[in-house]
Amino acid sequence: MITFELIKNIALLVALVVIYPISVSRSQSSTLSHKLLFGVLFGLTAIFGMMTPVHYGQGVIFDGRSVILSVGGLIGGPFVALTSACIASLYRIRLGGAGAFVGVAVILASSALGVLFHYIKKQSGNYLGVLPLLGFGLLVNLVMMGFFLLLPHDIGFQVINQMGWNILLVYTAATVLISLMFEDYEEKDKSHHHLERLAYYDSHTALPNQTLMLGHLEQCLSPGQIKTDQYALIILNLDRFKKLIDARGHEYSERLLLIVARRLSEVLDRDDFLAKLAGDEFTLILHTRPSEPGSIRLMAQKMASRVHEILKLPLQMDTESINISGSMGITIFPLSEHDRPGDILQRANLALSMAKHHGGNQTIVFNPSMTNQAEQSFTIGNELHKGIANQELRLHLQSQFDAAGILVGAEALVRWQHPERGLVPPASFIPIAEETDLIVEIGEWVLTEACRVLARIHPINPSIKISVNISPRQFRQAGFTRLVQKILAETGANPRRLTLEVTENLLINDFQDILAKMQELVSWGIRFSLDDFGTGYSSLGYLKRLPIQEIKIDRLFVQEAPTNPDDAALVESILAVARHMKLDVVAEGVETQAQFDFLNARADMFHQGYLFDRPEASSSWLQHYFSINDVPDPS
């Protein structure tokens with residue numbers, strides 16, 4: 001009978017270990033509900049044990065409730081212990097008998113010891129090894145046997161004599177084993193939750209990540225949602241965040257993102273959804289119903305304005321206060337019953353890209369034309385890549401003349417001879433090429449072809465110069481100066497007749513590196529021209545430090561200079577700078593005699609524009625050049 005009782009109580013505990021995780025895994029409620037369920041399960045298990053006990057007469061019974069309830073307190077803590085102890089105590093009082101008082105005392109003491117070791121376990125990293133659990137089991141059973149001595153008519157001594165060693169050995173071992181089984185489940189459950197958190201939440205901000213955000217979009221689009229409900233997706237990208245990382249490091253930047261996440265959380269309404277994507281991107285999903293005033297588009301724009309406002313507030317980082325800004329793209333969804341999360345995200349990203357392209361710190365709402373632009377841009381970029389490989393690029397030259405109408409040089413221009421579209425002007429493909437390294441390939445090809453032209457005309461007129469545009473991306477390449485040296489050596493072009501045109505955008509970053517490269521190239525005899533002067537970001541201080549020999553007046557200033565006093569004043573200011581710094585001047589876009597006369601009346605300069613010559617294929621330009629000079633082509 002005693003052996004059967006021991007086996008029965010151990011079996012109850014094993015069953016509880018199996019039932020508990022199944023019950024908890026099927027429960028979607030709060031942690032408090034889990035603990036309540038846990039306490040009820042332990043209390044009911046203790047009752048089952050008391051239903052078939054070893055009887056000693058006069059209402060004195062023996063069962064395994066001390067093991068059950070102590071393990072409940074150890075694993076579940078005070079709330080579980082209190083719940084299970086109340087259930088078990090009420091049942092024991094209902095049974096009555098001479099042993100009821102001692103029975104309740106055993107229940108309370110076992111539960112209390114479980115709670116005590118629960119806190120010891122927490123101090124030990126939520127894990128107790130075999131030896132501490134062995135001490136726990138022995139202590140519980142010794143305390144239980146001590147309470148037995150309070151039973152009337154020496155029944156306690158009788159129980160101890162019959163079962164003492166079995167209780168100490170078997171019940172203690174059972175306590176250790178059952179506790180280890182629960183701890184193993186807890187460890188697996190903890191690992192599961194940790195992996196789940198890594199899978200669905202950003203590790204630093206604790207916000208939902210892209211996976212969970214896409215799941216939320218799916219939920220918004222599910223058939224169960226009211227069809228008239230509307231949503232907006234906002235993607236926020238912090239401006240110049242990479243610069244911050246370069247200047248302050250990743251740890252500093254991560255702390256800043258945490259502050260931004262908190263600020264965003266504060267402006268959201270209860271039904272809104274905030275997620276953290278990769279890098280410095282956040283998404284907000286807004287929801288409106290037909291009964292709510294205002295359109296979802298208006299709501300999204302108001303939210304974007306609130307986000308801009310909170311980003312304007314200075315952020316206190318260590319001992320410094322910094323200011324940041326952000327760009328946002330917005331799309332409304334669903335646009336149709338076929339809308340999918342990937343489509344929604346793509347639209348918002350297109351709007352975001354447009355906001356970044358326009359300078360940042362602004363919000364743009366998606367419109368369908370953006371998709372067409374993106375598709376066209378992708379197609380052109382893909383075809384351009386093939387076109388470069390298939391030698392579809394063509395070199396054009398536009399002549400430059402002095403005030404007397406004498407040819408002094410030409411600017412090298414690139415065109416694309418598309419097999420289907422015909423001759424594609426640079427405005428249609430250069431901006432796309434500049435977004436990738438295609439501009440580097442194009443720049444190398446143009447420079448090579450221009451140097452070949454320069455080498456062909458040098459024997460006839462050594463004073464003719466050729467100007468070549470160099471993109472900032474190409475100039476910043478680590479091996480740019482070596483490339484120029486290689487091209488000059490291969491083509492035989494005279495570096496003193498080569499002018500490299502750079503824009504003011506080149507000067508924004510890495511000024512010292514840019515200056516060193518320019519000085520090296522100038523030492524070979526190459527000249528530099530600052531293109532589109534007056535339209536970029538450079539200061540006169542930078543201009544003074546650069547080895548620039550020439551500036552080009554942008555066509556925007558030239559076109560209305562004869563009739564517009566403001567443009568005239570700007571041109572005169574540029575000419576004054578050039579005189580003071582002893583720089584040559586080239587005026588672009590000279591198309592009328594009035595423009596030509598206006599410019600010549602104010603300075604001695606070179607002219608380039610349709611008044612003199614249109615861009616033409618390099619082969620035609622060379623043929624024309626050789627014919628007017630009445631010389632054969634030296635090649």
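The values are calculated or read from the model by the stated rules, or taken from the named source; none is laboratory data. Here the structure is a predicted model, which means the values were calculated and not measured. When we count neighbours, we look across all protein chains shown, and the Cβ atoms used for this are built from the backbone with ideal geometry, even at glycine. Quick note on the areas: whole protein, heavy atoms, side chains included, nothing else; ligands and nucleic acids left out. Shrake-Rupley method; radii C 1.70, N 1.55, O 1.52, S 1.80 Å.
For Pro425, the conditions (1) open to solvent by 20 Å² or more (accessible area, probe 1.4 Å); (2) out of contact with any Leu (no Cβ under 8 Å at 6 or more places or on another chain); (3) under 28 Å from Ser523 (Cα atoms) are fulfilled apart from (3). Screening Ala247 with (1) surrounded by fewer than 19 Cβ atoms within 10 Å (Cβ to Cβ); (2) touching a Cys at 6+ places or on another chain (Cβ under 9 Å) gives one miss only, at (2).
State whether one or more residues within the stretch 160-167 are touching a helix residue (DSSP H, G or I) at 6+ places or on another chain (Cβ under 8 Å), surrounded by fewer than 14 Cβ atoms within 10 Å (Cβ to Cβ), within 16 Å of Asp63 (Cα to Cα) and in contact (Cβ under 8 Å) with a residue 40 or more places away in the chain. Scanning the stretch 160-167, I find at least one residue that is touching a helix residue (DSSP H, G or I) at 6+ places or on another chain (Cβ under 8 Å), surrounded by fewer than 14 Cβ atoms within 10 Å (Cβ to Cβ), within 16 Å of Asp63 (Cα to Cα) and in contact (Cβ under 8 Å) with a residue 40 or more places away in the chain, so the answer is yes. Only one entry of Lys517, Lys486 meets the criterion of being surrounded by 14 or more Cβ atoms within 10 Å (Cβ to Cβ), out of contact with any Leu (no Cβ under 8 Å at 6 or more places or on another chain) and of a type outside the set (Phe, Trp, Tyr), and that entry is Lys517.
Per-residue answers, yes or no, for (1) of a type outside the set (D, E, K, R); (2) surrounded by fewer than 16 Cβ atoms within 10 Å (Cβ to Cβ); (3) touching a residue at least 24 places away in the same chain (Cβ under 8 Å):
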| residue | (1), (2), (3) |
| --- | --- |
| Ala232 | yes, no, yes |
| Asn237 | yes, no, yes |
| Arg240 | no, yes, yes |
| Glu251 | no, yes, no |
| Val260 | yes, no, yes |
| Val267 | yes, yes, yes |
| Leu274 | yes, no, yes |
| Leu277 | yes, no, yes |
| Thr283 | yes, no, yes |
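In this structure, does Ile430 turn out to be open to solvent by less than 10 Å² (accessible area, probe 1.4 Å), within 33 Å of the chain's Cα centre (by Cα) and not basic (Lys, Arg)? Against the criterion (open to solvent by less than 10 Å² (accessible area, probe 1.4 Å), within 33 Å of the chain's Cα centre (by Cα) and not basic (Lys, Arg)), Ile430 does not qualify. Residues that are in a helix (DSSP H, G or I), without any contact (Cβ under 8 Å) to a residue 60 or more places away in the chain and open to solvent by 50 Å² or more (accessible area, probe 1.4 Å) within the stretch 146-159 comprise Phe147, Asp154, Phe157, listed in sequence order. The residue of the stretch 562-601 that is most open to solvent (accessible area, probe 1.4 Å), among those that are part of a loop (DSSP other than H, G, I, E, B) and closer than 21 Å to Leu543 by Cβ, is Lys582.
Applying the set (1) more than 21 Å from Ser529 (Cα to Cα); (2) in a helix (DSSP H, G or I); (3) in contact with a Lys or Arg (Cβ under 9 Å, 6 or more places away or on another chain) to Trp416 leaves exactly one unmet item: (2).
The residue of the stretch 391-408 that is farthest from Asp613 (Cα to Cα), among those that are touching a residue at least 12 places away in the same chain (Cβ under 8 Å) and outside any strand (DSSP E or B), is Glu392. The criterion of being part of a helix (DSSP H, G or I), buried (at least 17 other Cβ atoms within 10 Å of the Cβ) and modelled with pLDDT under 80 does not hold for Val143.
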